[in-house]
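Some notes on the structure that comes next.
The values are calculated or read from the model by the stated rules, or taken from the named source; none is laboratory data. Since the model is a prediction, treat every value here as computed from it, not as a measurement. Every residue, glycine as well, gets a Cβ built from its backbone with ideal geometry; the counts of neighbours run over all protein chains shown. Note: areas computed on protein heavy atoms with side chains; ligands, DNA, RNA excluded. Shrake-Rupley method; radii C 1.70, N 1.55, O 1.52, S 1.80 Å.
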Amino acid sequence: MTFKSEELLACVIARLIGGAKHVAVGAASPIPATGCLLLKAQGAPLRVSFLHKRKGNPFTEGSRELFDLAGQGRIDVFFLGGAQIDGAANINLVRAEGRRFLGSFGSAFMYPVVPRTILFREEHSRRTLVPKVEFVSAAGNPQALLTGKALFGWQKDRRRFRLESVHPGHTAEEVRDETGFDFDSEAVKITEMPSKQDLSNLRSVVAKAIAADYPDFAKRVWGLN
């Protein structure tokens, strides 16, 4: 059974979300959005708010009211990434290697307030996973860190990542070599692959839904126009 890396990551995200009731997805996040829609396709009573579009956000004032809900504890899961992520789970959305980015926006608020924040960065390299970020945009205690090569859990008591699984085609040694920060690793498993039903859902109802907001992504992954 063959699958794309994006499909695998979406399946991992769906499992991480689990029994959440309300998930918020930021802009430029096609893979997290795909994971959320996959979970909905599986029958989960999940509410998803897409911050990048008004019709995907049921609140009249868009992101402002979403932040109010987060402060009230009514957002269960949120996704954050960064130009850099370090071993203390800090993220950098401002500057790195002499380059400026769009900025932190609401990440410094959402990270510590939302009960389960999933850090996501498809690129897994020493350029992105660094010993210490150049600028701390936001800090907190994430549920997990998911990359294109591996899944890490977060140990809140130790403030340290633990390698949970490596994706098919990669090894724990490769992950260690390509990660700029130290982490724990015991009994590392291979990430669970997508099931036939997962792939069927992804390539039909989910792909069509994603294409409405991320047409380039849907064309690249599933060949949809």
Exercise. Taking the highest mean first, how do the peptides 197-209, 10-22 order by number of other beta carbon atoms within 10 angstrom per residue?
Worked result: 10-22, 197-209
Problem set entry | Peptides 24-36, 156-168, 134-146 ordered by average Cβ neighbours within 10 Å, highest first | 24-36, 134-146, 156-168
Exercise. Taking K and R as +1 and D and E as -1, what net charge do the other residues with C-beta under 10 Å from the C-beta of ASN92 add up to?
Worked result: 0
Exercise. After finding the eigenvalues of the alpha carbon gyration tensor for segment 128-196, what semi-axes result from the square roots of 5 times each, listed largest first in whole Å?
Worked result: 22, 14, 12
Problem set entry | Relative contact order for segment 76-186, counting Cα pairs under 8 Å that sit 6 or more residues apart, in percent | 28
Seminar exercise, completed: Contact order relative to length for the chain, counting C-alpha pairs under 8 Å separated by 6 or more residues, stands in percent at 18
Seminar exercise, completed: Of the residues THR117, GLY87, LEU38, the Cα lying farthest along the dipole of the chain towards its positive end, which is defined by charges on the beta carbon of Lys, Arg, Asp and Glu, belongs to LEU38
For this session: Please give the net charge around ILE118, taking every other residue with its beta carbon less than 12 angstrom from that of ILE118, where Lys and Arg add +1 and Asp and Glu add -1.
Result: +2
Exercise. So how much accessible area does ASP68 have, in Å² to the nearest 10, using a 1.4 Å probe?
Worked result: 80
Exercise. What per residue convex hull volume, in Å³, do the alpha-carbon atoms of segment 1-40 yield?
Worked result: 64
For this session: Express in Å², to the nearest 10, the accessible area of MET110 obtained by rolling a 1.4 Å probe over the protein heavy atoms while all chains stay in place.
Result: 0
Seminar exercise, completed: Per residue convex hull volume, Cα only, segment 1-125, in Å³ is 126
